[in-house]
Amino acid sequence: MISTCPFCSTHYNLTTAKIVVEKDDAHLLHLECRKCGSAVVALVLTSGLGVSSVGLVTDLTSDDVLKFAGAAEVSIDDVVDMHALLDQPATLFAQTTHKES
């Protein structure tokens, strides 16, 4: 189980872990380190064979995780479209980040 911060090795206070989404035997948790402030999103699954978990270091808050948990999936077409947009020399991104002298 995810019990310590991956950055500073401080033990998480599991009573402060936020359950973001619960579905059947799966729980999506948000844990924040009280020492360094880093956060982890963890998926914890329980079954007849035991408990398993996978965690991901994130800069999202628990509210952000909840917001994105219900969002539509990013498709392969979305990724290809974004790549094509960013590959153009005069994208909106380039125009908004250009500094005037």
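The values are calculated or read from the model by the stated rules, or taken from the named source; none is laboratory data. Just so we're clear, the structure is a prediction, and the values are computed from it rather than from any experiment. We place every Cβ from the backbone using ideal geometry, glycine too, and count neighbours over all the protein chains shown.
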Fill in: Matching residues, segment 3-25, being assigned to a loop (DSSP other than H, G, I, E, B) and either closer than 13 Å to residue 60 by Cα or of a type outside the set (Ser, Thr, Tyr) (or both)
5, 6, 7, 8, 13, 17, 24, 25
Worksheet entry | Contacts under 7 angstrom Cβ, first residue in segment 46-65 being free of Cβ contacts under 8 Å to residues at least 40 places away in the same chain, partner part of a loop (DSSP other than H, G, I, E, B), 6 or more apart | 46/25; 47/25
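Please state which one of 64, 59 is of a type in the set (D, E, K, R), surrounded by 15 or more Cβ atoms within 10 Å (Cβ to Cβ) and either at pLDDT below 95 or touching a Lys or Arg at 6+ places or on another chain (Cβ under 8 Å) (or both).
The match here is 64.
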Discussion item. Any residue that is within 18 Å of the chain's Cα centre (by Cα), assigned to a helix (DSSP H, G or I) and at pLDDT below 90 - is there at least one of those in segment 84-98?
Written reply: no
Worksheet item: Looking at segment 31-77, which of the residues that are aliphatic (A, V, I, L, M) and in a loop (DSSP other than H, G, I, E, B) is nearest to residue 15 (Cα to Cα)?
Response: 60
Discussion item. Exactly one of these conditions fails for residue 28: (1) of a type outside the set (Val, Ile, Thr); (2) in a strand (DSSP E or B); (3) without any contact (Cβ under 8 Å) to a residue 12 or more places away in the chain. Give me its number.
Written reply: (3)
